[in-house]
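Enquirer: Can you keep this structure in mind? I'll have questions shortly.
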Amino acid sequence: MVIFGASGDLTHRKLIPALYNLAKDNLLPPNFAIIGFARRAKTDESFRQECYESVVAHSRSKLIDEEIWSTFSKLLHYHQGNYDNNADYDALNERLSAIDSGHGTQGNRLYYLSTPPEAYTLITEKIGTTSLTQVKSDKCWTRVIIEKPFGRDLASARALNTHVHKFFTEDQIYRIDHYLGKETVQNILVLRFANGIFEPIWDRRYIDHVQITVAEAIGVEGRGSYYESAGVIRDMVQNHVMQLLALTAMEPPAEFEADAVRNEKVKVLKALRLDSSHPEALVRGQYSPGKVNGQLVVGYTQEEGVAQDSNTETYLAMKLLIDNWRWAGVPFYVRSGKRLKRRLTEIAIHFRLPPRMLFSEHTAQQIEPNVLVMTIQPDEGISLKFGAKRPGTGEQVQPVVMDFQYGDAFNIAAPEAYERLILDCVLGDSTLFTRSDEVEAAWSLITPIFEDWVKNPTFIEQYRAGSAGPKGAADMISGDERQWRSL
C-alpha cells in the first residue's frame, strides 16, 4: 500500500491508526507492507516514530500494544519524492520491487491518494505512465483509492473520471466516502433487507415523509479558505447526505454484490429532484456568533480565511422528491450545517397515522405517528417510537420508545470507517465505494443549484451558533404541516 501525502493530517489521524487496528485484529494479509510517499525528507525510522505517535493519539484502541506495534512497525517504510518528477516514481518502483522480495507482496499495488484534490490528476497520470503500473504477473492487481471531493461540479467530476479512466479501469478505482464505512450506515441495508417486517411497509403507502440530518457542533476548524470554495453543499450534501438518502430509498438489489447495490443507488439519484412546487424548497444559512456547549464562538465571517462579506452557506435544508413508484409524493427533507446545537447524524422514517381513529377525539389528539430512527453518530443505534396506553383507568395514549444501542448490545468498540474501507479495497470488494455514474448522478442534482445561486444570488439567513439552524428551515417544513425532529 502506497500512501501519497504521507505527511498529511488524514494519513496520521485516520489511515495509520486504521491500519494498526487492522493488524491488531489480525485482519491484514500476512504479506503486507506500507510505504509513505511525500516531499519531506524522512527516514524509515523517523516515519515510524511519527506513526507511533499518531496511533497513540488517534487509535480507537486507546492503549497501544507494544508487541503488536513492534511487528506492525516493520511494515512501515518511507520514500521521499515530488509528485511531478518521473524519476521519483521510477525510484519508488524500484523500492517497491525490493519490498516485494522482503515482504512477499507479489507485485500487488494499492495506491492511496491522501492529497489535496488538485493533485489527483497529476498523481494518477504519473502512476499510469511510469513503471509503477507494469504488470508483474497475471495474478497481481493494481488499485487506486481517491478521497473526496471527487470534482467540484458535474463538469469537473466528468473530466476527472475521463482522466482517471485513461490509466485505470473502473474496477480498479475506489472513490472513498468514509460515511459508507460507518457501521450504522452499513446496517441500513441489514435493517431493511434482513428483516421481514420493514420492507413491506417501506413505501409511499405507509411512510409520510423522511428526514435526514447531518448536524455538526464544530465550525470550519481552521479550514476557512477551503470552506469558502465548498460550502456545506459540496462539503457534506453532495456526498454524505446523498449516500444516506440513496441507501434509504433504493430498491432491493438482485444480489448483495457491488454493482447490483450501486445500480440501485444510481436509480434513486437519477430520480431525485428538488420540489419545484414548494416556494421555499431550499433554505441557506450561515452561522453568526453564539454559544456552543457553553463556549462563546465567533460567526462564520469572523473565522480565519473567510471573507467578511462571504456569501457561503454553512447550513442547507432541502425538500426533495423521488420520481418513482415506491416514493411518489413522499418528501425527503434533508438538512446539514455547522455550529448547530449538537453533533447528530440520523435518518428518521415518519410513518402515516392510522387511516381511522377508533378512540375518543381527545385520545386521538394524543396519538403521534410512529417514527423509526437510525442514528449514525454519535450514539449509533436504532429506535422505534410507538403509542402505548398509559397505566390507569383513563384512555390516555403516550408515545414510548424502544431503543437499540450498538455499544450496549455487542459490548465492543465499532471499527473506524477507514478500517472497513481499506480492508474492502485490499479484498477487492467495491460495494461501499462510489462508482463513476453514481458520482455524476449526485452532481447532476447539486450542480444546477449552486450555479443558479451565482446567476440569482439567494438570501442567506443568519442563525445563531448553538441553535437548531435558520428559522427559514423550520418554516419550510411547517408549511407542509410537519416539523423537524429536535436537535
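Coordinate-derived values only; no laboratory data. Just so we're clear, the structure is a prediction, and the values are computed from it rather than from any experiment. Cβ atoms come from the backbone with ideal geometry, glycine included; neighbour counts cover every protein chain shown.
Enquirer: Loop-only trypsin sites (Lys or Arg not before Pro) in the stretch 304-349, please: DSSP not H, G, I, E or B, and at most 14 other Cβ atoms within 10 Å.
Expert: Values: sites: 319, 326, 335, 338, 339, 341, 342, 343; in loops: 326, 338, 339, 341, 342, 343.
Here the sparse-neighbourhood loop sites are 342, 343.
Enquirer: Would you work out if the stretch 332-487 is rounded, prolate or oblate? Take a ≥ b ≥ c from the square roots of the eigenvalues of the alpha-carbon gyration tensor; rounded if a/c is under 1.5, else prolate when a/b is larger than b/c, oblate otherwise. Provide the component values of the computation, followed by the final result.
Expert: Details: a/c = 2.16, a/b = 1.30, b/c = 1.67.
It is oblate, given that a/c is not under 1.5 and a/b is not larger than b/c.
Enquirer: Working out 0.36 nm times the residue gap between residue 311 and residue 43, then minus their Cα-Cα distance, what length gain in nm do you get to one decimal?
Expert: Values: separation 268, 0.36 × 268 = 96.48 nm, distance 4.51 nm.
Full-extension gain reported as 92.0 nm.
Enquirer: Separation of the stretch 1-17 and the stretch 67-82 by C-alpha centroid, Å?
Expert: One Cα centre to the other: 12 Å.
Enquirer: In the stretch 3-74, what trypsin sites (Lys or Arg not before Pro) fall in a loop by DSSP, with at most 15 other Cβ atoms inside 10 Å?
Expert: Listed in order of number, the matching sites are 39, 40, 60, 62, 74.
Enquirer: Could you go through the stretch 302-311 in sequence order and give the Karplus-derived ³J(HN,Hα) for each residue, using 6.51 cos²θ - 1.76 cosθ + 1.60 with θ = phi - 60°, rounded to whole Hz, and x for Gly and Pro?
Expert: Going residue by residue, I get 9, 6, 4, x, 10, 5, 5, 10, 4, 10 Hz, with x marking Gly and Pro.
Enquirer: Nearest 10 degrees, 0 to 90: what angle lies between the long axis of helix 436-455 and the longest principal axis of the chain (Cα atoms)?
Expert: That works out to roughly 60 degrees.
Enquirer: When ranked by the protection proxy of mean other Cβ atoms within 10 Å per residue, highest first, what sequence do the peptides 30-36, 144-150, 163-169 form? Display every interim value, and only then the final one.
Expert: Working: 30-36: 18.4, 144-150: 21.4, 163-169: 15.3.
In decreasing order of mean packing, 30-36, 144-150, 163-169 become 144-150, 30-36, 163-169.
Enquirer: Ratio of alpha-carbon Rg to the 2.2 N^0.38 Å globular estimate for the chain, to two decimals, please. Show your work: numbers first, answer last.
Expert: Working: Rg = 24.3 Å, N = 487, 2.2 N^0.38 = 23.1 Å.
Ratio of Cα Rg to 2.2 N^0.38 Å: 1.05.
Enquirer: Separate question: Ranked highest first by average number of other Cβ atoms within 10 Å, how do 213-224, 281-292 line up?
Expert: Details: 213-224: 18.3, 281-292: 21.2.
The most tightly packed comes first, giving 281-292, 213-224.
Enquirer: Here's something else I'd like to know. Largest first, please: the extent of the C-alpha atoms of the stretch 2-147 along each principal axis, to the nearest Å.
Expert: 43, 33, 25
Enquirer: Full-extension gain between residue 66 and residue 480, please, as 0.36 nm times their residue separation minus the C-alpha to C-alpha distance. Please list the in-between numbers first.
Expert: Working: separation 414, 0.36 × 414 = 149.04 nm, distance 5.81 nm.
Going from the current span to full extension adds 143.2 nm.
Enquirer: Do the sum for the chain: with -39,500 (n - 2.57) for every DSSP H run of n ≥ 4, divided by all residues, what is the mean residue ellipticity at 222 nm, to the nearest 500 deg cm²/dmol? List each step's numbers first, then the result.
Expert: Numbers: 15 runs with 164 residues, N = 487.
Taken over the chain, the calculation gives -10000 deg cm²/dmol.
Enquirer: Round to a whole angstrom and tell me the spacing of the C-alpha centers of the stretch 84-154 and the stretch 403-424.
Expert: 30
Enquirer: To continue, here is another question. Give me 68, 188 ranked fewest to most by other Cβ atoms within 10 Å of their Cβ, as a rough exposure proxy. Spell out each step's value before the answer.
Expert: On the way: 68 16, 188 20.
Ordered from fewest to most neighbouring Cβ atoms within 10 Å, 68, 188 come out as 68, 188.
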